[in-house]
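Asker: One structure coming up, written as C-alpha cells, with questions to follow.
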Amino acid sequence: MEKKDHIDRALVFMENLEKLGEQLRNAQQQLILTMEHMLAMEQNHQTDTDEYREQERHCRNLHAIVDKWQPVYEEKMEMLKEVKRAAGK
C-alpha cells in the first residue's frame, strides 16, 4: 500500500507542476500582450488615461505573479530532473 501512496503523491506532484507551468506560460503571454498594448498607447501619446493606468497596474500584477512563481516552478522542475536522472542510472 505504501508504494501506491508514493506513486499517487508523485502523480499529483507532476500534475500540479504541469498546471503551474501552464499558468506561468499564460501569465507571461498576458504580460507580453499587456506590454505591447502599453507601448502602442505610449506611441499614441495616451499615457495620461485611465486605461493606461489600468494596464500599468495589470502589468505590475502579472510581473509579481511571474516573479513569485517562476523560481518555485524551476526548483520543482529541477527536483523532477534529478529524480529522472537517478531513476535512469
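The values are calculated or read from the model by the stated rules, or taken from the named source; none is laboratory data. The structure presented is a predicted model; accordingly, all values stated were derived computationally and were not measured. Here the Cβ is made from the backbone with ideal geometry for all residues, glycine too, and neighbour counts use every protein chain on show. Heads up: the accessible areas ignore ligands, DNA and RNA and are worked out on the full protein's heavy atoms, side chains in. Shrake-Rupley method; radii C 1.70, N 1.55, O 1.52, S 1.80 Å.
Asker: For segment 25-82, which residues satisfy the criterion of being open to solvent by 90 Å² or more (accessible area, probe 1.4 Å) and among the aromatic types (Phe, Trp, Tyr)?
Answerer: Scanning segment 25-82 gives a single hit, Trp69.
Asker: Moving on. Kindly indicate the residue of segment 12-24 that is in contact (Cβ under 8 Å) with a residue 60 or more places away in the chain and surrounded by 14 or more Cβ atoms within 10 Å (Cβ to Cβ) and also farthest from the chain's Cα centre (by Cα) among those meeting that condition. Please lay out each step first, then the result.
Answerer: As a first pass, look at segment 12-24 and keep what is in contact (Cβ under 8 Å) with a residue 60 or more places away in the chain: 13-14, 17.
Add one more test, that the residue is surrounded by 14 or more Cβ atoms within 10 Å (Cβ to Cβ), and what stays is 13, 17.
On the way: Phe13: 16, Leu17: 10 Å.
The residue in question is Phe13.
Asker: Follow-up. Would you call Thr47 without any contact (Cβ under 8 Å) to a residue 24 or more places away in the chain and over 26 Å from Val83 (Cβ atoms)?
Answerer: Details: without any contact (Cβ under 8 Å) to a residue 24 or more places away in the chain: yes; over 26 Å from Val83 (Cβ atoms): yes.
When the stated conditions are applied, Thr47 passes them.
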